[in-house]
Structures are given as C-alpha cells and as structure tokens.
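Quick note: the coordinates plus some simple rules give every number you see, no bench work behind them. Everything numeric in this text was worked out from a predicted model, so none of it was measured. Cβ: placed from backbone, ideal geometry, glycine included. Neighbour counts: every protein chain shown.
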Protein chains: 2
Amino acid sequence: MQFHHHGYVSTDPRIQPAAGVGIDRPDELPAEVDVLIVGTGPAGMITAAQLSQFPGITTRIVERRGGRLAIGQADGIQARSVETFQAFGFAERIIAEAYRITEMAFWKPDPSDPSRIVRHARADDDPTGISEFPHLIVNQARVLDYFAEVMANSPTRMKPDYGYEFRGLEVTGDGDYPVTVTLGQPAGDSEGGERVVRAKYVVGADGARSGVRQAIGCTMAGDQAFHAWGVMDVLAVTDFPDIRTKCAIQSEVGSILHIPREGGYLFRMYVDLGEVAADNKGAIRNTTIEEIIAKANDILHPYTLDVKNVAWHSVYEVAHRLTDRFDDVLPEDLGTRTPRVFITGDACHTHSAKAGQGMNVSMQDGFNLGWKLAHVLEGRSPESLLSTYSAERHVVAQNLIDFDKEWSSLMARKPEELKDPAELETFYTSTAEFPAGFMTQYSPSMLIAEATHGALATGYPIGKRFKSAPVVRVSDTNPVELGHHHRADGRWRVYAFADSAAPGEASAVAEWAEWLRTSPESPLIVHTPKDADIDSVFDVKVVYQQDHTGLDIGRVPETFLPRVGPFELIDYEKVYSAIPARNIFELRGIDRGGAVVVVRPDQYVANVLPLTATDELAAFFRPIFTA
Amino acid sequence: MQFHHHGYVSTDPRIQPAAGVGIDRPDELPAEVDVLIVGTGPAGMITAAQLSQFPGITTRIVERRGGRLAIGQADGIQARSVETFQAFGFAERIIAEAYRITEMAFWKPDPSDPSRIVRHARADDDPTGISEFPHLIVNQARVLDYFAEVMANSPTRMKPDYGYEFRGLEVTGDGDYPVTVTLGQPAGDSEGGERVVRAKYVVGADGARSGVRQAIGCTMAGDQAFHAWGVMDVLAVTDFPDIRTKCAIQSEVGSILHIPREGGYLFRMYVDLGEVAADNKGAIRNTTIEEIIAKANDILHPYTLDVKNVAWHSVYEVAHRLTDRFDDVLPEDLGTRTPRVFITGDACHTHSAKAGQGMNVSMQDGFNLGWKLAHVLEGRSPESLLSTYSAERHVVAQNLIDFDKEWSSLMARKPEELKDPAELETFYTSTAEFPAGFMTQYSPSMLIAEATHGALATGYPIGKRFKSAPVVRVSDTNPVELGHHHRADGRWRVYAFADSAAPGEASAVAEWAEWLRTSPESPLIVHTPKDADIDSVFDVKVVYQQDHTGLDIGRVPETFLPRVGPFELIDYEKVYSAIPARNIFELRGIDRGGAVVVVRPDQYVANVLPLTATDELAAFFRPIFTA
Ligand SMILES: Cc1cc2nc3c(=O)[nH]c(=O)nc-3n(C[C@H](O)[C@H](O)[C@H](O)COP(=O)(O)OP(=O)(O)OC[C@H]3O[C@@H](n4cnc5c(N)ncnc54)[C@H](O)[C@@H]3O)c2cc1C
Ligand SMILES: Cc1cc2nc3c(=O)[nH]c(=O)nc-3n(C[C@H](O)[C@H](O)[C@H](O)COP(=O)(O)OP(=O)(O)OC[C@H]3O[C@@H](n4cnc5c(N)ncnc54)[C@H](O)[C@@H]3O)c2cc1C
C-alpha cells in the first residue's frame, strides 16, 4: 500500500481524499451522468467500484431494491475472484471472514447397503496449487458490501442509488448524452415517481431477467429445460460427519451439493430437484422448506439433520443460457458504430449452480468493462476500445458454458469408468483452472497481441491473467508477490524482466529503460498526460535476476525509480529481484536474455516482447491510446 | 471467525450486537463507572478495548486531548504486539498497511576514508523464525484507531471521552465506588469545567508524566541522565541506497537510527543528540528541525538528504526509569488490602528508543490487567487476583530494562571483539525473543503453576506466552494456526494434547474429557455460570496425533464438540490434528502420552499437566475463581 507522498495521511490510508466529482457529490440522482449502471449485483458493483476510482467520471448505480442485499443468492468465490478482491484492496478481510474450501468429500450409496450413504473419496480442492489465493465461500451480500466500501472510500465517494427501477431506454445518438433512460421509483418517499436520466453509457447489470437486455433486443439461447434446486441456508444439528466440508452427496433417493458457510455453523444445501421444462415450473416453485428438509434427511440416511433455524431458502432454477451479444451493436452494424449500452453478468449468461460460476464470471465481466469505459471517458482511448468488451466476454462465456457441460459429465464419471488411475489425476490437473476461474484466455485483438514472442515467457501466456510469483522488493528487502502490486486503478503494468547483467553494467534492460524514458516514440512519453505523474498510465517495473543482496539500487536506471507526487519523491516499489529458492525466471519460464510483459488494467497479459523490440512495443500501444 | 450461531448476521460479523451497558450507552460521562481509564495511549486503549467486550461492565476512558492522536510518538510494533492485534481481530489489516522489517543494515565509517559512511553488514531481522507474525512499523495513531474500532464494534459500543484532564483522586474505600476522581475540562464547549466521577477501579495510563502515579504516591527511579534524540518523520529525496531499510548508521560525526515508515515514502530518523543531565535540558529542547536535518546530512556523508516535507518532528528525551509499584497498595499493606488504582505503560516504565519497547510493553501491561479487572467485576474471581498485575508486570519491566542495557552494549560490540564467529550467532539466537517481545516469563503465583510437569510440553514453558503452531482443523480440513483461535475475549484456553489412541478407542484423553464434562469437581462444571454456554469461561480444545484423514469426528468425545448458543448448535472448531510434515507434538516437544496446557486470557501458559492429573487441574483453578 503506497501513501503519504502527497503529504501525511493520519487516518485510514484506504480512504482516498475526495476529488473531482466526489467533492460535492449530489445525493440526488443527477439528470445527466457519464455512466449509468443498472443493478447492484456483483456485476454492477465491481463496475461501479472500478469507475469510482476516476475523479473525472460521474457514475451512478441504480437498484430496484430499497437497500442493500441482506441474504441469499450466490456464495462461491473462486480464487480468481479473491485475486480480484486483492486488486480492490479487501482480499485479506474477506478471507478472514469467509469459509475456506481445502478438501471436497464425495458420498455415495454404500455398496453393501445402498440405502445408506458412505464416504467414497476425499479430494484436495486445489491439488496443483493453481493460485496463491484460497477458494472461499461467503455470502454474496458481503461481497457487495466490500465493493460498496471501496466506492465510498474512493475519490468520487460513490454510493448506490437504491429504489430506482429500470423501465426502458432509448439510444438517441444525440449530443453528449446519447442514451435516455427511464427509471421508476417503486417504493420509498417517491413511490410511483418516474425519472429520466441521460447518460453517455449504460451498463445493464440487472440479472437473469434483465430489462436492459430486452431494451437492446438481445436474445437468450441455451438449454430449454431448467435445473431446479431446493436451496437452504440453515443452522442445524446433525451427526453427518462432513457437515463442515464441501460434499457432493449421491444417494439412491436423490443428491445434495453441500456447502459449509462462513462463521463455523451455517451451511447451505442444494437439494437436487431435477430438470424442469420451461413451461412447467409451478409445482417445483411451490416446494416448501419442510419438503426440502425432509428430502435432505432422506438423502443423508443413516444420518439425520435437525434444522434449528432457516436463514434463507429458495427454489433456484437455472439453465445454461447465453445471449447473442453483450452490447447494443447489431452484427450488421459492427465496425460502423461503437456501443453505448452494455450488459454484464447474469443478464448475459447463466450457469449451473454446480460449478459456482455465476457470481465469479459476472465480476470478471465488470472488471473487463470498467477500465475500458474509464479509458474512453477520460479521453485516453478511442471509442472502438469498447467493442472489445462484447467480443472478449461473449467468447469466454460460451467457452465456460461448453466446458462446464463437459466438466460436469467428466466429474460424474465413476473411477471404474476411467481407463487408468492416472487419468483422474491428469483430468484434475488439466482442468484445475476451471473451478478456480483461471481458464479465460482472450484472443488476439487491438488489446491482445499475437503470441509471436510467447517463447520468451512461457508462464505468461498472452491473453491469460498475469499469474503472480514471489520476488524480493529490493529497496526494503521484503518478499512480496509481484502481482499483488497490481491494483484496480486503471493502470497498465509493464514488467521488464532483466537480462543477466547487474545494474550499472551495459545491458539490454538498461537500453530499454533509457529508450522508454527518453525516446519520442516511447509510450511513456507519448501517452502519459503532461501534468500527470510519469507512472499514471504505465506502471513500469523491473525484475532482476540477481539476488537482492548483490544488487545496488543506486545504479538502477531512473526509469524504474520515477519521481512522483507534488514533492517529486522517488517511488521505490518498482525494483524487484528474483528469490534464489523460488526463482520467478524459472517458475514462469522467462528467457534469461530478458523479456517485457505487458499487462492490462484487468490483469490480463496483453503482450510479451523482447527487450529490443521497442518499435513493436510502441506500435502495440498506438491504436489503444488516442494521445 | 465464528458467528451466525445466534441467528444470521447479514452485515460485518466484526460488529457485535450491542448488549448490556452498550444498549443505551450515555454520550455523557456518567457520575459512576466500574472502571475509569485515564489516557488514550496504547496502554489505555488496549485496556479499554479488552474491557469493552463485557456487556456488564461500564468502562470509560478519558483523555486530555480534544480528539484522537493525529501524528508522531512511537511506531515500532514487535511481533508480540501483532500477535496481540490478531487476538483483537485487526492483525491482517494493520499488516497490510504497515512497513515490514525483514532486514536491518549497519553503516559505519569507511575504514579507507572515515569521513564517508559505508554499509558494513546486513542482518535478517528475525533469523530464527521466532514468530509467524512480522515486525512492523506503523504510526501509533493508527494502532490507537484500530483499538478504537474494536471498542466501537464491541457489545458496549465504547468511545473515548476526549477533553477530560485528570486532576486528582482519592481512594475513600467507601461503598460500591470507592475511588473519587476529579477531572478538568481544559478545552471545548465546557472549557474550564470540572467533573467528579466515582469509580470502582481507576487505571492510570497517562504516560511518562502520569498524574495518577503521583496521586498514589509512586516514585520513578532509574537513569539520572536522559538520552535525547532529534526525531523527524519526513518526505525526502536522497541517494542513500538503504533509505527503505531499517539502519543503524554510525559516522564520525554522530549516529542515526533510521526507520522506514508505512506507505513507501515516509521515513523516520532518530538523530542521536547524546546524554543530557536531568537539570539541563533547555538547549537540547531548542534543537530546531533545520539543525536536525543538517546533522543528518553530516552523518550521511557522502550521501545527501533533501527534505521536501516534515510531517512531524520532536526532541525525544527518554531515560530508563521504573516506578516502585504498579498499583496503590503500599508494600506494608500487601496482603491486607487489594488495589483500587493501577498504573500502566509509560506511567510505570520508560525505555530507550533503541529497542522500540515503549508502545509494545505498554500494551502488554494493559492486556495483563484488562481480563483480570473483567474477572473481578463479573464476580468470577476474588479481588486478590488484581494484586497479580503489579507483581507480574513490575518484575517484567525491571527485567526488560536490565536486559535492554545488556543487549544494547552487546549489540554495540564490534565483530572483532567477539571470541569466535559462532558467538554472534549464539547471541542472536539466544536474544531474538527480546526485540520481538517474547522474553516475558511470569513467575509462579496463583495464576502461574510451578513447572512440575514442564517436561510434558517443553515448547510451552510455563509463564511464557503460548506459541502458536500449525494444525489441521478436523471438521473442515483447514490448515490453521492453533494459537490464532485465541481471541481477546477474556476466556481461558485449555488444550488437551491427546495420547496416541484414535477417537473412539479407550484413551487417557477420552477419560479426561469425560471427567471434565461430568465430574462435580470439573472446573467446567464448577466455574461456568449456569445460564452460560459451556465454553464461556473455558474454551477446551483437543489436538490428536493422527493425520486428519484418519480421524473420525463422529467418535470424538462430546466435550470437544460442545453445544452452544440459543439453538444448541455443535461448535466444530475445537478438534484439531497434527500436520504430519510440521507436527505440533514435535515442534513443541509434547509428550506422546498426552498433556494438558492451560492458557490464560492474555495468552500466557499458566499450567502444564498430565491428562491424568484431574485433581491438580481442579485445584489449580479453585483459588482463581470465586464460584
Ligand atoms: C433470487 C436469486 C437466488 C440465487 N441463488 C443462487 C444460488 O443459490 N447459487 C448460486 O450460485 N447463484 C444463485 N443466484 C445467482 C447469482 O446470484 C448470480 O449468478 C450473480 O449474482 C450474478 O450477478 P449479477 O450482478 O449479474 O446479477 P444479480 O446478482 O442478479 O444482480 C442483479 C441486480 O439488478 C437488480 N435489478 C433487476 N432488475 C432491475 C431493474 N429493472 N431495475 C433496477 N434494478 C434491477 C436486482 O435487484 C439485483 O440487485 C441467485 C440469484 C437470484 C436472483
Ligand atoms: C510526545 C511524545 C513523543 C514520543 N516519541 C517517541 C518516539 O519518537 N519513539 C518512541 O519509541 N516512543 C516515543 N514516545 C513514547 C511512546 O509513545 C510511549 O512509549 C507509548 O505511547 C506508551 O504508551 P502509554 O499509553 O503508556 O502512554 P502515552 O502514549 O504517552 O499516552 C498517555 C495518554 O494520556 C494522556 N494524558 C496524559 N496526562 C493526562 C491527564 N492528566 N488527563 C488525561 N489524559 C492525560 C496523554 O494525552 C496521552 O494521550 C513518545 C511519547 C510522547 C508523549
């Protein structure tokens, strides 16, 4: 965490000083806004939290409900989401409060008496160590609270506007605020009221029955039948021994997905209610909590469940479905206009409850879109940047749905159906990225380079998220995770992995640094606003191969020790060195001749280049930035 | 973190529901209080934070200043303090925000040109891995903020009462509130006002010039001369390469203790101004910031320091001093009456700035006193318990001062003065506990047993703090630190380390558990209030030798799976097992025949017993509890 460089911060450094539109932020929803977000679910809140970091941008997020979500909905948090929370600054707190999954147990009918279930197997949740972050379970409401706190502590002092319901929109294309949105006020003081807000951009994060989706004429396609689950969050006394372990329980009379919850007592059970035709959901919907509890007891036999308190329950019906596009640009208009309205999260795609993708994928949608809107609204990037949102996320959603189907069927296979025991291991290893949320790989585009130089950093596949690794921060000799310095601040990260020469000796990295600092072609010079800190667009870091004790920081190029803030202080948190015992060059397959790894504001690797390919680096950024 | 068991908690689980005196807590200082604390420094705030956890106890903490501390004072946080913060629930947040010391650098005059300094050595800050917690630097103000938050989130909703100055007190000995305290109101709306508050107990945490100390007639003895330092918290540009590393810098013209600070830019320098006689401090006090900066530049030569912004500066004069006793009971009255007034922190002892003890020892004073006051005020323990505070902490303070003197002189020795190279290593290892804050060992008393059975758990010396170790929580298969479950909630921890039999088999631990659950002699039965949860006084945990996968939780004695809260739910967080690769039985030298380790509410080991010594266990607790 870096602070104090604009002067001493006496109170919580997480609370940024109010700036720009945050200085006199009106409580009332204004008539004109830069971005209007509809819906305060995970997709909407992460987008709002991201946009709240930019003092020049007026973002409002409206929600039909009268206040915050209190209970229910999703609770599975993949490691990729925790990594994202780290970028927003609240990972350590949500980890402290959440349930952590380390193992999963599989229960099946006892072969000697199939009326009884018996533990069949246990499996490590993350056998391959796919992430340094844990797999968590915590209620969606708390995730939303943390994003709300990020917004409140941001320079724009953003707060959700509760009690506004999206009714419709029109993209007039006129003037500065070309989208006109009609909002109703279903409850509260202004009940029955209606408001019209004009926006530059609208984000529909209004869930599976999205009105915004409908307004821009998107269709939803996929499974015809829904899968129904009786879901309950309960406090209960039981003799089932794995009640605090995640379980897949199959019995002769049905199956349960069992999820322990935060706090040590509560748990959630998804009792499988089977497939339901889209036109015949009445009976299932009427399933009572008593029926769900009775069914759970039947499945758990010979164990019993004595429910003492029901915190929440629901019949959750969901199908694998996907919309045709994620914005308002019709296929025939692609290339002739850029989008004004976007949809994110459940509004675009819905997933089976099994793999726990819903909330997680929805947040990645918002993380993808947020910085792009900021780049365009701040005048840094052309509007064409916004077309990459639908292009990137639509493919990802399709892939995830396809993979989920394949994965679920593989997961359901019995060990005896596998050809050899190693197959199970291979399967786990090769698919471990999916449940952890790391399978996404974006295809080449204006934001993602071709993998021409991919061999220079095999552990950083272009289009995948930058996987952190341990290094030493040279200035203070702290062992740190290189990736954790990447905050959700809209900045690009450019990592220079040095060639083998020490600082002060002639080297490719020294030449590269000099070019970056002085060349009129340098993206640092061309794309950084004149009055801004030199690291305000590109955060350039160097990683040396030397052990930190053999490294003289006084001889490191000044590119990596930039002067920032009103006092022009030296930023010492850009110079790193490999840890001999866990060498990042080996862990990530980085060429000892050095390499440049470019990472987008949403943490995805955009390019890998040799230190000598300065023209190529300059050319990569040129179309992304207008100035 | 355990919650939800009294019903679903929708918002931040760190915020406890208001209860007892917190339900309608008056904003105004009441005329009668259980405990009146004077001073909101670290010593006072930790005591307040501890007492705030008890809904039946009215505690108020008054402070002369009109509001929170904003800047300056101490900043060194030993690992023991971070461990304590963990017990109060904010370790992970303060770690995220603080500077972390991993190495220290030593600079000396260059032998070839003694006018120039040169790096002479680097040393690991914690070479022996003394704690799983880091050594931090963060401003005292932030530590106080976190304690204030703990108080605000507690059932009693406690807040400091700013703007009240302690003027005097009288121990009348009459009635329920035998201490009469006079407070002035030096500033604010009621400027010039005076208030009289009657209290059951008074805690003087009012710093080095304590008025409470004076009121109870304590004397302060120790070094006659003060050591003076020019201290500055500054933002500066420099070419000194170790500016982000803690350094001891010795030059021909003086010396500096250099401390990088939180946030990545700020640092503190202690410029040594030498010894000052107590009666001749005028000149030193007038040292200006310009003089301090000039001196720093002289010392750093050939490096330079260009100070851009001074956040805080002071001339800090301090001597090793210690008061004769920590409460109002005169030596001649010991045993005839129990204390009503206590002093803590700098009011009792002051330390050289070098070892950074001040804030840390002060917090341990408060942690020692807080739970004892709570035990007595809740009617659990006899008033004689309160005499152990002065007895324990006075000796500790004396030992720390003695050790600090010895340590400082050893630290100052040149390598060439040591007999053999291994001596330095031995010295580091044997003294590593001191700077980390783990050297304290209480002597036998009503609270600390004789080490009769010490051989059963050599890694848990009686009288020292319980050193955590990794274990697996069986119910959810999470690897956790056993000690981190110990929160600052006033409860005792009783750890049963099992003999080698598995749960369900005949074993010493099973017999012990049955005795504890059912015997009329059991402390659990005798000392737990009838209407309270069975773990409300003693939190009893078991650690098995088996790997968790070979352990059937269904067969664990119900003593370790108690039913708690209004729904009588099972608490699953009391059953642990050793991790094969880092076995707690080996790490802490625990006898394979099992052992019982009793830990006090302030985390100090009180007793170690065989599983069979049930009479002895019962007898140990009898004098501590009145019922
Ligand atoms: C009732 C319910 C139960 C669920 N149960 C589970 C579960 O058991 N397990 C699981 O994994 N996932 C569950 N989900 C799905 C999971 O919550 C989503 O995958 C995830 O929240 C997606 O995030 P999102 O932000 O896209 O949408 P959502 O979280 O659905 O957020 C959409 C938001 O938009 C608001 N909104 C909708 N229409 C309008 C409008 N016209 N105007 C203004 N605001 C509007 C909604 O009130 C809501 O706050 C459930 C969802 C719902 C709605
Ligand atoms: C000005 C100053 C500078 C310091 N600088 C350093 C440093 O550079 N390095 C270092 O290691 N340590 C420093 N210390 C010491 C360090 O802060 C203490 O060791 C530590 O704070 C001890 O904690 P405490 O709670 O016992 O006392 P303190 O933190 O001193 O707290 C005592 C509190 O009591 C209040 N108080 C005093 N008298 C009254 C009264 N009559 N009525 C009501 N309230 C009263 C004070 O305002 C203060 O808030 C400094 C202390 C001071 C006061």
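Results, tabulated for the structure shown:
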item	result
Computed helical MRE - 222 nm, chain B, DSSP H runs ≥ 4 contributing -39500 (n - 2.57), nearest 500	-7000 deg cm²/dmol
For segment A:209-252: span of alpha carbons on each principal axis (Å, largest first)	52, 25, 15
Rg in Å to one decimal, and Dmax rounded to a whole Å, for the protein assembly as shown via C-alpha atoms	31.9, 97
Signed unit charges on C-beta, dipole axis of chain A, positive-most listed residue A:Val253, A:Val237, A:Ile284	A:Val237
Most positive-pole-ward Cα, B:Ile95, B:Asn153, B:Pro382, against dipole of chain B from beta carbon charges	B:Asn153
Cβ-vector label at 7 Å, A:Ile525, separations to other copies in nm	8.6
Unit Cα scatterers, Debye sum, segment A:163-298: log10 I(q)/I(0) for q = 0.09, 0.11 Å⁻¹	-0.50, -0.68
Integer Hz, Karplus 6.51/-1.76/1.60 couplings in order for segment B:484-493, x for Gly and Pro	6, 7, 7, 8, 7, 10, x, 8, 7, 10
DSSP beta bridge pairing in chain B, given as percent antiparallel to the nearest 5	75
Antiparallel DSSP beta bridges within segment B:454-622, as percent of all bridges there, nearest 5	70
Globularity ratio of segment B:454-622, using Cα Rg and 2.2 N^0.38 Å	0.94
Range of Cα positions in segment A:61-216 per principal axis (Å), largest first	70, 39, 32
Inter-copy separations for B:Gln224, label at 7 Å along Cα-Cβ, nm, ascending	10.1
DSSP-loop trypsin sites (Lys or Arg not before Pro) across segment A:523-581, with at most 14 other Cβ within 10 angstrom	A:Lys530
D_trans [Stokes-Einstein, Kirkwood Rh over alpha-carbon pairs] for segment A:37-123, 20 °C, 1.002 mPa s, µm² s⁻¹	128
Electrostatic dipole magnitude of segment B:454-622 [Cβ: Lys, Arg +1; Asp, Glu -1; Cα centre; debye, to 20]	580
Charge dipole (debye, nearest 20) of the protein assembly as shown; +1 at Cβ of Lys and Arg, -1 at Cβ of Asp and Glu	500
Neighbour-limited loop hits for chymotrypsin sites (Phe, Trp or Tyr not before Pro), segment B:356-406 (at most 12 other Cβ within 10 Å; DSSP other than H, G, I, E, B)	none
Chain A: angle of helix A:421-431 to the longest principal axis, Cα-based, in degrees nearest 10	60
Violating pairs (Cα-Cα greater than 21 angstrom) within the set A:Lys574/B:Lys246; A:Lys574/B:Lys295; A:Lys467/A:Lys574; B:Lys467/B:Lys541; A:Lys354/A:Lys405	A:Lys574/B:Lys295
Percentage, to the nearest whole number, of Cα pairs in segment B:438-532 over 18 Å apart	64
Hydrodynamic radius of segment A:436-477 per Kirkwood, over alpha carbon pairs, in Å	12.3
Volume in Å³ per residue [convex hull over Cα atoms, computed for chain B]	174
Within segment B:92-229: Cβ-based charge dipole about Cα centre, in debye rounded to nearest 20 (Lys, Arg +1; Asp, Glu -1)	100
Stretchable slack from B:Val171 to B:Asp402, in nm (0.36 nm times residue separation minus alpha-carbon distance)	79.8 nm
For segment B:247-406: Kirkwood Rh in Å [reciprocal of mean 1/r, alpha carbons]	18.8
Helix axis angle, A:140-152 relative to chain A longest principal axis, alpha carbon, degrees	30
At most 11 other Cβ within 10 Å, DSSP loop - GluC sites (Glu not before Pro), segment B:1-85	B:Glu28
Between helix A:387-412 and chain A: long-axis angle, C-alpha atoms, 0 to 90°, nearest 10	40
Charge dipole (segment B:454-622, unit charges on Cβ, about Cα centre) - positive-most of B:Leu524, B:Ala457, B:Val542	B:Ala457
Chain B: relative contact order as a whole-number percent, Cα under 8 Å and 6+ apart	14
